[in-house]
């Protein structure tokens with residue numbers, strides 16, 4: 001069979017058929033492959049610039065991480081959220097590309113020296129002396145997963161775009177008509193007359209019946225329930241927890257000792273009372289008066305009378321005294337003894353040393369524990385983000401808090417708490433860390449569902465602290481028996497009855513004034529208060545904050561009422577005072593500047609949008625959607 005097939009292939013009809021197949025492959029198969037290779041693989045193209053998928057992926061990951069930190073890791077990143085973040089990220093990259101193209105067309109550039117100075121001015125890159133610190137710079141880049149060339153390229157791009165945008169917004173001004181209207185709205189004052197109906201002045205209601213108490217209890221059971229309790233597991237990762245496991249060698253301690261040795265040595269300090277006189281005779285007279293028993297106040301007055309200057313030094317070192325002769329005299333004088341006058345280039349001095357603080361010097365062994373704590377803290381600060389990444393990877397892989405390795409420097413806590421962070425007995429749960437961290441952990445615990453996987457979250461305010469929470473048990477609230485809370489129920493019923501009594505009295509006064517009566521006639525026996533002028537955002541003493549907005553919603557002569565923590569108040573608007581910009585030039589100028597900044601922001605946004613539209617970006621939707629897919 002095979003032999004017959006081979007012989008058939010050698011015939012001309014077979015050869016012609018074979019060449020036909022090759023032709024079809026060349027035209028369709030190879031052609032299709034060539035079309036695939038030449039197809040544009042950029043996510044977007046803007047003014048001839050390609051935004052590659054890797055660039056979008058990097059920016060998308062940073063934006064997604066920022067959103068997750070914003071929500072504390074408590075909101076699931078659904079496909080819709082991921083898609084929205086990806087689209088916002090691409091829109092920002094497209095706008096930046098359009099701005100960069102426009103800046104290049106105008107010939108704008110960022111010299112290397114300008115870039116260098118911009119790096120030096122970034123606070124995060126400065127050391128304790130306020131100057132640029134290379135180690136701080138490199139650590140910040142590591143923490144943000146940025147290489148130095150990439151960071152410098154991003155910074156250069158940002159400076160270039162700001163040159164263009166700041167030029168656009170430089171001409172933003174607020175028209176006088178707009179400024180006057182906004183200034184008038186903000187600075188308008190309103191004056192009213194008011195009567196108070198405090199809860200304390202209401203007549204005491206009759207004692208409630210059992211039926212009334214029972215009805216109140218049934219209608220407000222949630223007020224008399226035990227709080228919801230949650231059993232949680234928490235791990236906290238911070239420089240302090242990591243430092244406990246950091247190994248510090250003697251070589252490390254010696255290196256820090258040599259660098260910080262001066263900080264463990266304090267020179268001798270002296271306090272002294274000094275009188276500078278223009279001549280020796282005056283200084284001698286002051287010294288004699290001092291020796292005779294005059295106090296410092298008398299010496300100050302006498303020195304000033306003689307044309308001199310009294311000076312008091314407090315804990316000064318030898319180096320802090322400008323005149324060498326004076327420094328020598330102060331640091332060789334016997335305490336509380338007035339010596340002979342001292343001559344310097346500035347004049348003659350009479351002096352008395354009042355206190356000596358001896359010099360101190362700690363040896364390496366004395367400072368060992370302080371050095372160890374310092375080195376451990378520095379190493380922990382360097383390790384914290386690496387440890388956080390490891391913990392995050394483990395949790396993302398499904399590892400529970402209990403199964404996390406013990407060598408990561410984690411502090412663990414397990415317990416039951418309510419939404420205020422207290423135990424069932426009302427005692428605060430000992431959560432490690434500052435109050436802000438404690439509040440964040442409690443909030444996270446009560447926003448999670450039982451069994452939700454733990455997520456590593458950075459502490460508030462960007463601190464170098466991370467935490468993760470698991471909820472493994474929930475005890476729902478349960479109403480307490482009426483007999484157990486009867487006293488509280490009676491108190492609440494009485495309070496509510498008093499409130500309704502005063503509310504009805506206030507409503508009666510309000511209705512009477514609306515019907516045409518004066519406030520005095522509508523509220524006989526009550527004191528009329530003349531309230532001071534109050535603004536929308538400028539409170540005035542004696543004007544309840546709850547009354548401010550109602551006053552700005554009525555016309556002159558109209559009444560209103562509001563409830564305060566202490567009772568009810570009924571007020572009648574007496575006068576509306578509109579501001580004159582001439583009387584408040586500073587406030588008017590602040591409003592004008594704020595409006596100008598807002599207009600500048602709008603101009604900048606419109607300009608950037610126009611550039612983006614003019615660049616006619618082309619977006620590859622399929623590649624954009626692939627970026628937003630879960631990894």
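Worth pointing out:
- Relative protection proxy for 617-625, 574-582, from highest mean packing down: 617-625, 574-582 (other beta-carbon atoms within 10 angstrom).
- For region 108-251: rounded, prolate or oblate by the Cα gyration tensor [a/c cutoff 1.5]: oblate
- Estimated FRET transfer efficiency when R0 is 35 angstrom, pair residue 155-residue 78 (beta carbons, to 0.05): 0.55
- Over all Cα atoms in region 268-358, the spread is summed up by Rg and Dmax: 11.9, 35 Å.
- Average projected area [Cα convex hull, region 550-622], square nanometres: 11.6 nm²
- Rounded, prolate or oblate (a/c below 1.5 giving rounded, otherwise prolate when a/b exceeds b/c) for region 476-631 by Cα gyration tensor: oblate
- Within region 145-229, the ratio Rg/Rh, alpha carbon atoms throughout and Rh by Kirkwood, equals 1.45.
- Overall dimensions of region 411-530, expressed as equivalent-ellipsoid semi-axes from the Cα gyration tensor (√(5λ), whole Å, largest first), are 50, 22, 13.
- Here region 119-187 has an Rg and Dmax of 19.9, 53 Å, counting Cα atoms alone.
- Highest average packing first - 465-471, 422-428, Cβ atoms within 10 Å: 465-471, 422-428
- Region 386-478: relative contact order in percent, alpha carbon pairs under 8 Å with at least 6 residues between: 26 percent
- The chain, helix-only ellipticity at 222 nm - DSSP H runs n ≥ 4, -39,500 (n - 2.57), divided by all residues, nearest 500: -15500 deg cm²/dmol
- Per-pair calculated FRET efficiency, R0 = 56 Å: residue 284 and residue 545 via Cβ, rounded to 0.05: 0.25
- Extension gain, residue 425 to residue 144: 0.36 nm times the residue separation minus the Cα-Cα distance gives 96.8 nm.
- Segment residue 578..residue 613, full-extension length gain: 8.2 nm, with 0.36 nm per residue of separation and the alpha-carbon distance subtracted.
- For the chain, the percent of C-alpha pairs falling in each 20 Å distance bin, counted from 0 to the bin holding the largest distance, reads 11, 22, 33, 26, 6, 2, 1, 0.
- Here the average projected area of the convex hull drawn through the C-alpha atoms of region 419-485 stands at 5.6 nm².
- Seen through its C-alpha gyration tensor, with square-root eigenvalues sorted a ≥ b ≥ c, region 194-337 comes out oblate because a/c lies at 1.5 or above while a/b is not bigger than b/c.
Values in this text are rule-based calculations from the coordinates and carry no lab data. These numbers come from a predicted model, not from an experiment. Virtual Cβ from ideal backbone geometry, glycine too; neighbours counted across all protein chains shown.
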